[in-house]
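The values are calculated or read from the model by the stated rules, or taken from the named source; none is laboratory data. Since the structure is predicted, the reported quantities are computational estimates derived from the model, not experimental observations. Note that each Cβ is placed from the backbone with ideal geometry, even for glycine, and that neighbours are counted across all protein chains shown. Side chains are part of the model used for accessible areas, which takes the heavy atoms of the whole protein and leaves out ligands, DNA and RNA. Shrake-Rupley method; radii C 1.70, N 1.55, O 1.52, S 1.80 Å.
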Amino acid sequence: MIIAIIVAVFLVIALAACVAGGPPERIVGVLFLVWFPVDRIEHHIFGRPMYDHVDPFHATVDTLVLVLFIWLALRSNRVWPIVCAGAQCVAVGGHIAALVLGSIVAAYWAMTQVSGYVQIVALAAGTWAHWRRRRRVGPYRSWRPG
């Protein structure tokens with residue numbers, strides 16, 4: 001039951017970012033809306049990860065998402081993508097640590113799973129801040145110049 005509630009909250013926040021956010025929030029909202037079902041499909045086909053060895057699918061996806069978050073952090077006129085990029089660095093670091101150190105089940109799980117919770121909170125806060133700022137000052141740039 002708790003997992004269903006968490007999934008529902010994630011989906012509501014991602015949808016809210018797509019509806020009420022600016023372009024950076026919408027990009028990450030869509031990312032979460034695509035990432036979640038793809039992850040569920042992968043788990044259905046290959047089974048749930050056991051965290052006793054590096055999962056190549058998740059390591060690849062997490063690395064690609066890290067590149068996107070770093071790009072957003074550098075290009076968007078927002079602060080919250082920096083939090084997402086930092087959390088994603090921890091997730092990718094978990095894959096690297098598992099590769100180098102071998103079976104570190106609890107640490108590997110924590111490093112790769114907790115980052116998503118940090119990112120969804122950052123997205124919710126960023127969407128809320130964007131919504132408030134638009135109401136207060138009107139339209140503003142979503143991207144940094146240059």
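Relative to the first principal axis of the alpha-carbon coordinates of the chain, what is the inclination of helix 105-137, with its axis defined by its Cα atoms, in degrees from 0 to 90 and to the nearest 10? Between the helix axis and the principal axis of the chain, the angle is about 10 degrees. How many percent of the accessible area of the range 1-90 is carbon or sulfur, using a 1.4 Å probe? In the range 1-90, the share of accessible area belonging to carbon and sulfur is 81 percent.
As I understand it, the value is the acute angle between the Cα axis of helix 56-75 and the longest principal axis of the Cα atoms of the chain; what does it come to in degrees, rounded to 10? Once rounded, one gets 20 degrees. The magnitude of the dipole of the chain, with charges of +1 and -1 set on the Cβ of Lys/Arg and Asp/Glu and taken from the Cα centre, is near 1060 debye. With each label modelled as a point 7 angstrom along the Cα→C-beta vector, the Leu64-Ile45 pair spans 1.2 nm.
Tally Lys/Arg at +1 and Asp/Glu at -1 over every other residue whose Cβ is under 15 Å from the Cβ of Met111; what's the total? Provide the component values of the computation, followed by the final result.
On the way: positive: none; negative: Asp52, Asp55, Asp62.
Around Met111, the charge tally is -3.
The angle separating the long axis of helix 2-20 from the principal Cα axis of greatest extent in the chain is about 30 degrees.
Placing unit charges on the Cβ atoms of the charged side chains and taking the dipole of the chain about its Cα centre, the candidate lying farthest along the positive direction among Ser76, Gln119, Val7 is Ser76.
Full extension of the chain between Val105 and Arg141 yields a length gain of 8.6 nm, computed as 0.36 nm times the residue separation minus the alpha carbon distance.
Database remark: amide H of Trp143 closer than 5 angstrom to the amide H of Asn77 (H placed geometrically; neighbours at sequence offset of 5 or more, or on other chains; Pro and chain starts carry no H). Karplus-derived 3J(HN,Hα) values for the range 88-97, using 6.51 cos²θ - 1.76 cosθ + 1.60 with θ = phi - 60°, are 5, 4, 5, 4, 5, x, x, 5, 5, 4 Hz; glycine and proline are entered as x. Its Cα centre serving as origin, the range 25-88 has a Cβ charge dipole (Lys and Arg +1, Asp and Glu -1) of approximately 300 debye. Surface exposure of the range 15-68, expressed per residue as accessible area with a 1.4 Å probe, stands at 57 Å².
Calculation over all alpha carbon pairs of the chain in 10 angstrom steps from 0 returns a P(r) of 11, 39, 33, 14, 3, 0 percent. The separation of the range 110-126 from the range 1-37, counted between C-alpha centres, amounts to 11 Å. Placing unit charges on the Cβ atoms only, positive for Lys and Arg and negative for Asp and Glu, gives the range 12-57 a dipole magnitude near 180 debye about its Cα centre.
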